Each structure stands twice: as C-alpha cells, then as structure tokens.
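Student: Quick one: the structure is below, and I'll ask about it shortly.
The values are calculated or read from the model by the stated rules, or taken from the named source; none is laboratory data. Not measured: the values here are computed from a predicted model. Cβ sites come from the backbone with ideal geometry, for glycine too, and all protein chains shown count toward neighbours.
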Amino acid sequence: MTLFRFKMNQKKVNEINKLQNTSTCPLTTNVDTITGTAGNDTFSGTASDTFAATDTYTTSDTLNGGAGTADTLNITVSGTNNATTLASPTVSAIEIVNVRAALGTAGTITTVGIA
C-alpha cells in the first residue's frame with residue numbers, strides 16, 4: 001500500500017474555507033429572511049417604480065449579511081418614472097449596496113433605511 005502525504009499552505013486553506021463560507025442569495029417574490037455566512041455574501045434583487053408583484057426586493061424582506069466584511073446587496077430598478085423610492089426592508093450587516101437604474105428616463109432613486 002502506498003501512502004501519499006502532502007502539506008497544504010495555510011493561506012490556501014484559509015482561502016478555500018472563506019469561499020466555502022460565502023453564498024449568493026437571490027431574492028424571491030416571497031418574503032425573504034436571509035442571514036449570510038461568515039464569508040462575504042451577495043444578495044441580489046429587483047425593484048420597479050410601481051412596486052410590481054414581480055419585485056424581489058420588498059418591504060417584507062429581512063436581510064442580514066452575517067459576519068462577512070464585504071457583504072453586497074445588488075438592486076436593479078426598472079420602470080419609466082423619473083423618480084423612484086425603493087422599498088424599505090430590514091437590512092443589516094451589509095457593507096456594500098449597489099443600485100443599478102434601468103429606468104426609461106434619467107431620474108432619481110431614493111433609498112429608505114439604507115445608510
């Protein structure tokens with residue numbers, strides 16, 4: 001019987017563990033209550049200027065980034081109005097918020113409860 005021994009660099013072990021503790025969390029049209037992992041998680045949702053039934057970023061959601069240090073919330077906003085106020089779910093421990101405006105005209109997006 002042949003035994004193989006190998007030693008893995010601790011830095012690589014830490015990188016692998018960090019990747020395993022990271023999640024991608026797409027939001028749904030249902031109520032989402034999501035707590036992230038110890039890694040850097042990504043939450044993604046959509047919103048419209050009319051609060052459509054197809055929106056996935058809604059006031060009923062509760063999003064917690066967990067223990068990561070660069071958790072990200074990506075929101076894509078669509079519609080034709082030139083002023084949109086986003087829903088205001090409970091959001092905590094998410095360090096980066098990206099809002100992409102896919103509005104029909106140039107406009108203003110107002111976030112409530114996101115500092």
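Residue-wise test of (1) surrounded by 20 or more Cβ atoms within 10 Å (Cβ to Cβ); (2) over 14 Å from the mean Cα position of the chain (by Cα); (3) touching a residue at least 40 places away in the same chain (Cβ under 8 Å).
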residue	(1), (2), (3)
Thr29	no, yes, no
Thr37	no, no, no
Gly45	yes, no, no
Ala52	no, yes, no
Thr59	no, yes, no
Ser78	no, yes, no
Leu86	yes, yes, no
Ile96	no, no, no
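Student: Out of everything in the stretch 26-63 that is in a strand (DSSP E or B) and either β-branched (Val, Ile, Thr) or in contact with a His (Cβ under 8 Å, 6 or more places away or on another chain) (or both), what residue ends up being nearest to Asn81 (Cα to Cα)?
Tutor: Thr46
Student: Can you say whether Ser44 is closer than 18 Å to Ile96 by Cα, modelled with pLDDT under 85 and among the hydroxyl-bearing types (Ser, Thr, Tyr), as far as the supplied structure shows? Break it down stepwise before answering.
Tutor: Numbers: closer than 18 Å to Ile96 by Cα: yes; modelled with pLDDT under 85: no; among the hydroxyl-bearing types (Ser, Thr, Tyr): yes.
Taking the combined requirement at face value, the residue does not satisfy it.
Student: For the list (1) at pLDDT 85 or above; (2) part of a strand (DSSP E or B), I need the number of the one condition that Thr84 fails.
Tutor: Result: Thr84 fails condition (1) only.
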